[in-house]
1. Take the range A:165-194 and flag every residue that is more than 8 Å from chain B (Cβ to nearest Cβ), buried (at least 20 other Cβ atoms within 10 Å of the Cβ) and of a type in the set (S, T, N, Q).
2. Somewhere in the range A:279-291, is a residue in contact with a His (Cβ under 6 Å, 6 or more places away or on another chain) and among the hydrophobic types (A, V, I, L, M, F, W, C)?
3. Looking only at residues in the range A:105-160 that are under 21 Å from A:ALA94 (Cβ atoms) and of a type in the set (Ser, Thr, Tyr), which one is nearest to the chain's Cα centre (by Cα)?
4. What number of residues within the range B:200-215 satisfy the criterion of being facing chain A (nearest Cβ under 9 Å) and either β-branched (Val, Ile, Thr) or in contact (Cβ under 8 Å) with a residue 24 or more places away in the chain (or both)?
5. Could you pull out the residue among B:GLU236, B:GLU302 that is open to solvent by 40 Å² or more (accessible area, probe 1.4 Å) and at positive phi?
6. Can you name the strands (runs of 3 or more DSSP E) wholly within the range B:14-98 that have at least 1 residues being more than 30 Å from B:ALA127 (Cα to Cα) and of a type in the set (Lys, Arg)?
7. Within the range A:63-101, count every residue that is touching a helix residue (DSSP H, G or I) at 6+ places or on another chain (Cβ under 8 Å) and without any contact (Cβ under 8 Å) to a residue 24 or more places away in the chain.
8. Mind checking which strands (runs of 3 or more DSSP E) fall wholly inside the range A:200-305 and carry at least 3 residues that are open to solvent by less than 40 Å² (accessible area, probe 1.4 Å) and within 30 Å of A:VAL140 (Cβ to Cβ)?
Amino acid sequence: MSVPVLEIQDLTVEYVSDERAVTGADRVSFTIHPGEIFGLAGESGCGKSTIANSIMRLLKAPAQITNGKILFDGADVLSMNDSSLRSWRWNQVAMVFQSAMNSLNPVTRIGEQFIDVIRTHRGGSRASALQRARELLQMVHIDPTRLKSYPHQLSGGQRQRVVIAMACALNPRLLILDEPTTALDVVVQQEILEQIRELQQELGFAILFITHDMSLMLELSDHIGIMYGGRMVELAPADTLRHGPRHAYTQALLNAFPPLHGPRVKLTGLSEDTTFTDIQDLELVGDNHWVAPARKTTSALGESL
Amino acid sequence: MTAATAQPRAGQPAVSIRSLSKSFTASTFLRRKQVPALRDIDLEMRQGEIVALVGESGSGKSTLARCLAILETPDSGEIRVHGKKINGLGGAAARRYRSDVQMIFQDPFGSLNPTFRVEHILQRALALHQPKLTSSRAEMVRLVTTVGLAPEVLGSFPHELSGGQRQRIAIARVLAAKPSVILADEPTSMLDVSVRIGVLNLLHKLRDEHGITILYVTHDLASARYLADRIAVLHEGRIVESGESVQLLDSPTHPYTRLLVGAVPNPDRDHSLDAQSRAALRQQIKDWSEGRNLRKRVINEEAQHWVLSDGSGA
């Protein structure tokens, strides 16, 4: 098997305050291989974005990485100093944030922002940077003349595509997408995902894809990790997970999406007050399929539906 | 049922909308122009029916719900609820109307006052809409039980509850007004995926047990099919296709509906729309909506399935 692009081992992140510490991610481990799309799913507050931010070393106090390792191409990310971190980010790994379309500078033309990124990290002339920017825009099917536009002159979907193109500007080996389409309409979402797939085939990077939309995740990812309460509860190839989810939480999550065709059956999802506690370490239950045993409890504010 | 509305008679639609139009004025530096938000909308809802309004952002679905809640004034057309015209309703009549037609908003984090306990929030609604009630405590317990929560939540503040629980409290507050029509504007889009189904099931239960008519506004086709009896697809302010949910999504006819259906993520799909077929559909949508002689063409009488197409052409 090839050397993984990203290897996370026993990562623990704590949010420490004077009185107490809250664990954002608890002994999470997974690996992403070159060219693979790895999906990380779970609901708000389960630690997906904490993981993404710790990979990029973007966590700020009170968050602290208290345990574990992050290896990128075998190199330890957590021990990088500021200058190597600076040259590593964007060159090797780039991130698109949830409301990325609002992360463009509103008072600068798109083209300037591309030039800024490319020249800061790679140097070179303005003309060559501009040429690269044109190519990138073409890759995401936006007319290169739009380089002269300001962000507000583009639609939300276009802005999102510009941000994704910008993330790919330096041919990173890993692209982290944190809920890249949540604020967009379905048709636009489909276009963006298609473009991400196209770019991936062209440039061959690996993707860490974070979302709460299971049907989207199953359609796009090769490998999926399900998180709950800061822990990884199930880890499997997408097909395995789709046809045979083993953890009760994964089953509830998959059961929360009504189908578009076939008979109309009543779904249950996860009842409001069901929680999982005592989540153990992952155990191998099948071919590349890992599940963490846990205890399911229903609290006093019982659900009568 | 309040005094403002006549008792629903058998056969009389709960909501009846006739050629409703509404436009907004958009001003730019040099000119002002009228942007149509709703164009010639006809929609009828039977008592106890759940109808989903589906469309992309800007298609006019929320505007239609807001017109029904008299939060917007339509330019022309007529809305009748239980046979009574609501155009130009004001003052006390509007207040009575609003306790009969209640709205659930998208954001349960913003719609509950954070400084009061759930108790107080429900108490206020009860005092406003059921002033004659003697034991409001018992009524509050009944309300929270109806929405699937334990009576203990009455003592909690909104921030102590999860998103799903908060949305249930918002629904309990709506029920305090004893409405016969509920307008639910994207009630689940801010909630965690695993609890969305629970809220949809709750709305379904309210219809089954209390016969409440529900207008469900959403952009999520799958949830519309799950909850609603009938779906109306809105595009640029027009209802372009409508029909019984399952039948409509099994044989979508309008290119816009086909575009939407093709864009819903679906791991079981054998082939998804590629850029070319999307462009082709977009062109068709343009041709269809520019038709000079737009009229309803019935596709399936039994399922009330019709599509808006150019009557003069093929």
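The values are calculated or read from the model by the stated rules, or taken from the named source; none is laboratory data. These numbers were taken from a predicted model, which means no experiment stands behind them. Positions of Cβ are generated from backbone atoms using ideal geometry, with glycine treated the same way; all protein chains shown enter the neighbour counts. The accessibility values were calculated without ligands, DNA or RNA, using every heavy atom of the protein model including side chains. Shrake-Rupley method; radii C 1.70, N 1.55, O 1.52, S 1.80 Å.
1. Selection gives A:THR181 alone.
2. Restricting attention to the range A:279-291, the residues satisfying the condition of being in contact with a His (Cβ under 6 Å, 6 or more places away or on another chain) are A:291.
Filter again for among the hydrophobic types (A, V, I, L, M, F, W, C), leaving A:291.
Yes, there is a match, as at least one residue in the range A:279-291 is in contact with a His (Cβ under 6 Å, 6 or more places away or on another chain) and among the hydrophobic types (A, V, I, L, M, F, W, C).
3. In this case the residue turns out to be A:THR120.
4. Filtering the range B:200-215 down to residues facing chain A (nearest Cβ under 9 Å) leaves B:200-202, B:204-205.
Of the ones still in play, those that are also either β-branched (Val, Ile, Thr) or in contact (Cβ under 8 Å) with a residue 24 or more places away in the chain (or both) are B:200, B:202, B:204.
The number of residues fulfilling the criteria is 3.
5. Values: B:GLU302 fails: at positive phi.
The match here is B:GLU236.
6. On the way: elements: B:15-27, B:32-45, B:50-54, B:76-81.
In the range B:14-98, B:15-27, B:32-45 are the strands (runs of 3 or more DSSP E) which contain 1 or more residues that are more than 30 Å from B:ALA127 (Cα to Cα) and of a type in the set (Lys, Arg).
7. Counting residues in the range A:63-101 that are touching a helix residue (DSSP H, G or I) at 6+ places or on another chain (Cβ under 8 Å) and without any contact (Cβ under 8 Å) to a residue 24 or more places away in the chain gives 2.
8. Working: elements: A:206-211, A:223-228, A:231-237, A:274-277, A:283-286, A:289-291, A:295-298.
Those strands (runs of 3 or more DSSP E) span A:206-211, A:223-228.
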